[in-house]
Structures are given as C-alpha cells and as structure tokens.
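Enquirer: Mind looking over this structure? Questions follow.
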Ligand SMILES: [Zn+2]
C-alpha cells in the first residue's frame, strides 16, 4: 500500500484521489458527493464538497469534508494525525484535479430562471 492510501470501512483500498467516485447532485443543492468505488459498499458516501453559485453563474468552492465513520476507521488503522493529513490532501486533489467544474458551471447556468421559462412555454 502506498503512503497516501486509505481504506473504506468496507475493505476497499483507496490508493489516491483518483479512486473516489464523484456524484454530481442538482445545482440547487450546491453539493458534490464523494463515494466509495465499491458498488457493494454499505457506506457508499464517504464525504462531500460544497460550493456556491454566484449571481453571475460563477462557481465558488466552499468546503470539503469526509464523514466521521470513514475518518475514524482510518484513524484507528494508522494515527489520526496521518489520517487527517492524507484525507486533507485527497480533498484538495479531488477539488483541483477530479471535479469537472466546467460541467458544474454549465449546469448552474442552465438552471437560471430565464431558461426555465423557455422550457415551460
Ligand atoms: Zn466502501
């Protein structure tokens, strides 16, 4: 196992940020879910990213976090210090390298009230 590897409580080894699955929720929710890649995982959701959509349709990253069961699991395997360090880096990498912000932004723009009216008429 590499030095940046963590493990999901289901047993799946996550080597680095590229292993996570991302679930793009509706723009209104301003959230992206971070999932375990194991489709039989009982936890599935390991964390989330929050962002804001500004009035001009720009995306502003707000915060990212992993859920307690996932963090605690790794903290007992390594140390909480190591876990926090690795997971913090994973969040940064996911935010900077994995998330397709252009896709998020396009979704945000298409949800503007004007375009919704067009669809209805
Ligand atoms: Zn899992």
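Enquirer: Kindly establish whether residue 32 is within 17 Å of residue 67 (Cα to Cα) and modelled with pLDDT under 95.
Expert: So residue 32 fits the description; yes.
Enquirer: Among the helices (runs of 4 or more DSSP H) confined wholly to the range 47-121, which include 1 or more residues that are modelled with pLDDT of 95 or more, over 15 Å from the mean Cα position of the chain (by Cα) and closer than 18 Å to residue 4 by Cα?
Expert: Here the list reads 68-77, 80-93.
Enquirer: Something else now. Whether any residue in the range 48-57 is surrounded by 16 or more Cβ atoms within 10 Å (Cβ to Cβ) and either within 16 Å of the ligand (Cβ to nearest atom) or under 12 Å from residue 8 (Cβ atoms) (or both) is what I want to check.
Expert: Yes, the range 48-57 contains a residue that is surrounded by 16 or more Cβ atoms within 10 Å (Cβ to Cβ) and either within 16 Å of the ligand (Cβ to nearest atom) or under 12 Å from residue 8 (Cβ atoms) (or both).
Enquirer: I would also like to ask the following. Find all pairs meeting these conditions: Cβ atoms under 6 angstrom apart; at least six residues apart or on different chains; first residue within the range 10-29 and at pLDDT 95 or above; second residue within 14 Å of the ligand (Cβ to nearest atom) and not in a loop (DSSP other than H, G, I, E, B).
Expert: Pairs that qualify, where the first residue is at pLDDT 95 or above and the partner is within 14 Å of the ligand (Cβ to nearest atom) and not in a loop (DSSP other than H, G, I, E, B), are 13/7; 14/6; 20/34; 21/35.
Enquirer: Still on this model: Quick one: in the range 11-36, of everything that is within 12 Å of the ligand (Cβ to nearest atom) and surrounded by 14 or more Cβ atoms within 10 Å (Cβ to Cβ), which residue is farthest from residue 91 (Cα to Cα)?
Expert: The qualifying residue farthest from residue 91 (Cα to Cα) is 12.
Enquirer: Regarding residue 39, is this residue at pLDDT below 95, within 15 Å of the ligand (Cβ to nearest atom) and over 14 Å from the mean Cα position of the chain (by Cα)?
Expert: Judged against the criteria, residue 39 is a match.
The values are calculated or read from the model by the stated rules, or taken from the named source; none is laboratory data. Worth saying up front: this structure is predicted, and the values here are computed from it rather than measured. Counting neighbours? That spans all protein chains shown, and the Cβs are built from the backbone with ideal geometry, glycine included.
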